[in-house]
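Peer 1: Handing you a structure now.
The values are calculated or read from the model by the stated rules, or taken from the named source; none is laboratory data. Keep in mind it's a predicted model, so treat the numbers as computed, not measured. Neighbour counts are summed over all protein chains in view; Cβ atoms, including those assigned to glycine, are modelled from backbone coordinates with ideal geometry. Heavy atoms of the whole protein, side chains included, go into the accessibility calculation; ligands, DNA and RNA do not. Shrake-Rupley method; radii C 1.70, N 1.55, O 1.52, S 1.80 Å.
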Amino acid sequence: MRASISVFEELSYRGSGGQPLRGARVEAVRRETRGRSRLAALARLAVDHIDANAAALLPWGEMPFLLCTRDADMPGARINGILAGLTAPNGAPLAGERSSHITHGQISAFVAIEQARKLLNERKVEACLIMAIDSLIDARSLSWLDSQMRLKTSEVTDGLIPGEAACILVISKRPIVAGSLRLRGLGLAIEKATASNEEPFRADGLSAALKAALGEAGVQMHEIAFRLSDVGGESYAFEELVLAQMRNMRKTRPGQPVWHAADCIGDCGAAAGPLQFAWAEQAFKRGYAPGEFAALHGSSMAFGGRAAAVVSA
């Protein structure tokens, strides 16, 4: 993503007009693996990539587990059983008794972080584990997006490119490993004007979420050095980003770049949120972040959920 290298390829699916669809697959998962089995394979890959040194410092089996998946009303592969047999590095079950399932699509991770903050304060747990899994490379999801004219094809240029991913976040009151990302502020809101209706569009939802995140962080919009977004290619989403920025900006600054993971790996649905946190964390850790603060954005285009977060090193 830092090098802006895309991994798009022609998929084994075709749109309603017979045209081939392009997307970004996780190469480690076989092409013939589909549906629930594909989600399970993505989850296993995420667990396998947990850093051993970090894993040794975490209280596995004691952390509340929050699973983030697609919007409840969006068609897709079945979710039940995708975590069956998955264990933490110490052998403890990944999902214990204190588990929650969050079905808010692109903003699921933001909602999960808000829930995790409450758990950390109310139950006095040391940390919470969040996993986000999603794949738009599924016949049911692709058919639904195609019927909404939201897939980018040779006939529809204003659309998204489907992707897939699985991510794991650990939320704690105090840093557990060196270089942890610090959450400064978080905001959640609902947008009435979605990609599925004709309501007047003013980006009220994302503007409100961003305002709340900035307010909690105690910083102004012009102090944000760079932004990350889950925008997947639709002009509607880009317009929303600009409007939300304009409605919160009180002073100008030389530049405020926006990073889009979807430019390289497509729209990853519920996993798009954690990808932003991971990219911001790496940018600060590796020294290529253009400033002190970053703003993250989450938008469920079809269902109205909006979220924003302000983070720093």
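Here's the yes/no breakdown for (1) in a loop (DSSP other than H, G, I, E, B); (2) in contact (Cβ under 8 Å) with a residue 24 or more places away in the chain; (3) under 28 Å from I176 (Cβ atoms):
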residue	(1), (2), (3)
R38	no, yes, no
L57	yes, yes, yes
G61	yes, yes, yes
P75	yes, yes, no
N90	yes, yes, yes
E97	yes, no, yes
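Peer 1: What's the total number of residues in the stretch 24-49 that are open to solvent by 40 Å² or more (accessible area, probe 1.4 Å), small (G, A, S) and farther than 26 Å from V170 by Cβ?
Peer 2: Residues in the stretch 24-49 being open to solvent by 40 Å² or more (accessible area, probe 1.4 Å), small (G, A, S) and farther than 26 Å from V170 by Cβ: 1 in total.
A quick yes/no check of all residues on (1) surrounded by 11 or more Cβ atoms within 10 Å (Cβ to Cβ); (2) farther than 30 Å from R227 by Cβ; (3) in contact with a Gly (Cβ under 8 Å, 6 or more places away or on another chain):
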site: S12; (1), (2), (3): yes, yes, no
site: G15; (1), (2), (3): yes, yes, no
site: R22; (1), (2), (3): yes, no, no
site: D51; (1), (2), (3): no, no, no
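Peer 1: Ok, one more. Based on this model, can you work out whether G61 counts as modelled with pLDDT under 90 and farther than 26 Å from D138 by Cα?
Peer 2: Details: modelled with pLDDT under 90: yes; farther than 26 Å from D138 by Cα: yes.
Here the answer is yes, as G61 does meet what is asked.
Peer 1: Here's something else I'd like to know. Which is of a type in the set (A, V, I, L, M, F, W, C) and in contact (Cβ under 8 Å) with a residue 60 or more places away in the chain, of A178, A195?
Peer 2: Testing whether each residue is of a type in the set (A, V, I, L, M, F, W, C) and in contact (Cβ under 8 Å) with a residue 60 or more places away in the chain leaves just A195.
Peer 1: Looking at I102, I79, which is the one that is crowded, with 19+ Cβ neighbours inside 10 Å and among the β-branched types (V, I, T)?
Peer 2: Within the list I102, I79, the selection yields I102.
Peer 1: Just one of the numbered conditions (1) part of a loop (DSSP other than H, G, I, E, B); (2) among the hydrophobic types (A, V, I, L, M, F, W, C); (3) modelled with pLDDT of 95 or more is not true of L183; which one?
Peer 2: Exception for L183: condition (1).
Peer 1: Residue pairs, Cβ under 6 Å, 6 or more apart or interchain, first in the stretch 107-136 and free of Cβ contacts under 8 Å to residues at least 12 places away in the same chain, second part of a helix (DSSP H, G or I) and not hydroxyl-bearing (S, T, Y). List them.
Peer 2: Note: no pairs meet the criteria.
Peer 1: Would a scan of the stretch 236-252 turn up a residue that is under 17 Å from the mean Cα position of the chain (by Cα) and over 15 Å from A189 (Cα atoms)?
Peer 2: Looking for residues that are under 17 Å from the mean Cα position of the chain (by Cα) and over 15 Å from A189 (Cα atoms), one finds at least one in the stretch 236-252, hence yes.
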